[in-house]
1. Could you tell me whether the range 359-369 includes any residue that is touching a strand residue (DSSP E or B) at 6+ places or on another chain (Cβ under 7 Å), on the phi < 0 side of the Ramachandran plot, modelled with pLDDT under 95 and outside any helix (DSSP H, G or I)?
2. Of the conditions (1) surrounded by fewer than 20 Cβ atoms within 10 Å (Cβ to Cβ); (2) modelled with pLDDT of 95 or more; (3) under 23 Å from residue 106 (Cβ atoms), residue 67 satisfies every one except a single condition; which number is it?
3. For the range 157-175, give me the residue count where each residue is assigned to a helix (DSSP H, G or I) and in contact with a strand residue (DSSP E or B) (Cβ under 6 Å, 6 or more places away or on another chain).
4. Could you count how many residues in the range 265-294 are more than 25 Å from residue 319 (Cα to Cα) and part of a loop (DSSP other than H, G, I, E, B)?
5. Just one of 178, 126, 191 is farther than 28 Å from residue 338 by Cα and not in a strand (DSSP E or B); which is it?
6. Specify which of the listed residues (297, 237) is touching a residue at least 60 places away in the same chain (Cβ under 8 Å), more than 24 Å from residue 368 (Cβ to Cβ) and touching a strand residue (DSSP E or B) at 6+ places or on another chain (Cβ under 9 Å).
7. Residue 136 is checked against (1) outside any loop (DSSP other than H, G, I, E, B); (2) within 19 Å of residue 84 (Cβ to Cβ); (3) touching a residue at least 60 places away in the same chain (Cβ under 8 Å); (4) under 21 Å from the mean Cα position of the chain (by Cα) and fails just one. What number does that condition carry?
8. With farther than 30 Å from residue 164 by Cα, touching a strand residue (DSSP E or B) at 6+ places or on another chain (Cβ under 8 Å) and either in the same structural domain as residue 150 (by TED's automatic domain parsing) or surrounded by 17 or more Cβ atoms within 10 Å (Cβ to Cβ) (or both) as the only criterion, which of 59, 27 stands out?
């Protein structure tokens, strides 16, 4: 008797197809699409259904009857239960190939752009790379991480989190009260464990540039992510002395300070008011606005030579892309943590006369499905 497609159901003998955006792999059950986690293309698996919608279902692979040659033993004993590392079962080089396939498919489908590059490995990889962690303490005060799409706390294994920098891999026993959240941060000041509501700041360094950053605020998690992205953006924009540059979604001024150091006159916009206050300290010569980027663009110059876009996962959106294109910059650097959002925004930009001269992809999140891209756009 065929199992019903409902949460909790066990579906046996599914043939796993290609990788999909979001770390899933496509399988089918009686013609319905099932997005399967913890599987690999070509495998024969049994899956447990976790979610059902009108158009598709989601499931986790629970038994592998025919394994892919790219399957490996996860380095962490809680892999598959913790919600963090969904590619621990994948050989690292093949994980980068899977990400390349996703980037190429999405940019081709959404933007008509032929991505021919590779996803570049960034050391350290695949372990010990993460310098910012959010741990949850369970009801007994034991540190752990959230399960996938759940409030459940999965207690850390002996030795702590495998992808975290060793300085913050395991919070101390007195890190906080049961049920609390604890931040682990490694910065230029060294490793520290903090509660998120302390308002503490830390120092980050990229080359010769130093930044004050809220301990609980946004900063790239990978040890070398900020330096890789700054280098890629500066190489692509080639800023000239005296040029006007906009840093949109600027955070604490990562790109703004790098552009300022090259002689550009910088304006920035960021929604987080604490980050804007820090950006003003980090880049005293810059001018920064706090608020929604689309609504604050009327407060920056109507003409710009260079623009950096580093939006959240949903992307910049059509209104922001149109406002940027209207300023007729000679180059735009778009830093994207989601290739689908990047594809949509590249399609919008193409309709406004801007096309990518290059797109690079960087593996800043080893052992996960996430990938960072940098697109350099120039007038057609």
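1. Within the range 359-369, none of the residues are touching a strand residue (DSSP E or B) at 6+ places or on another chain (Cβ under 7 Å), on the phi < 0 side of the Ramachandran plot, modelled with pLDDT under 95 and outside any helix (DSSP H, G or I).
2. Exception for residue 67: condition (3).
3. Going through the range 157-175, the residues assigned to a helix (DSSP H, G or I) turn out to be 166-168.
With the extra rule that they be in contact with a strand residue (DSSP E or B) (Cβ under 6 Å, 6 or more places away or on another chain), the set shrinks to 167-168.
Matching residues across the range 157-175 total 2.
4. Summing the residues that are more than 25 Å from residue 319 (Cα to Cα) and part of a loop (DSSP other than H, G, I, E, B) in the range 265-294 gives 3.
5. Values: 126 fails: farther than 28 Å from residue 338 by Cα; 191 fails: not in a strand (DSSP E or B).
Just one listed residue meets the conditions, 178.
6. Details: 297 fails: touching a residue at least 60 places away in the same chain (Cβ under 8 Å).
Step by step, each of 297, 237 is checked, and only 237 is touching a residue at least 60 places away in the same chain (Cβ under 8 Å), more than 24 Å from residue 368 (Cβ to Cβ) and touching a strand residue (DSSP E or B) at 6+ places or on another chain (Cβ under 9 Å).
7. (3)
8. Numbers: 59 fails: farther than 30 Å from residue 164 by Cα.
Just one listed residue meets the conditions, 27.
The values are calculated or read from the model by the stated rules, or taken from the named source; none is laboratory data. Owing to the predicted nature of the structure, the values given are computational and were not obtained by experimental measurement. A quick note on method: Cβ atoms are made from the backbone with ideal geometry, for glycine too, and the neighbour counts reach across all protein chains shown.
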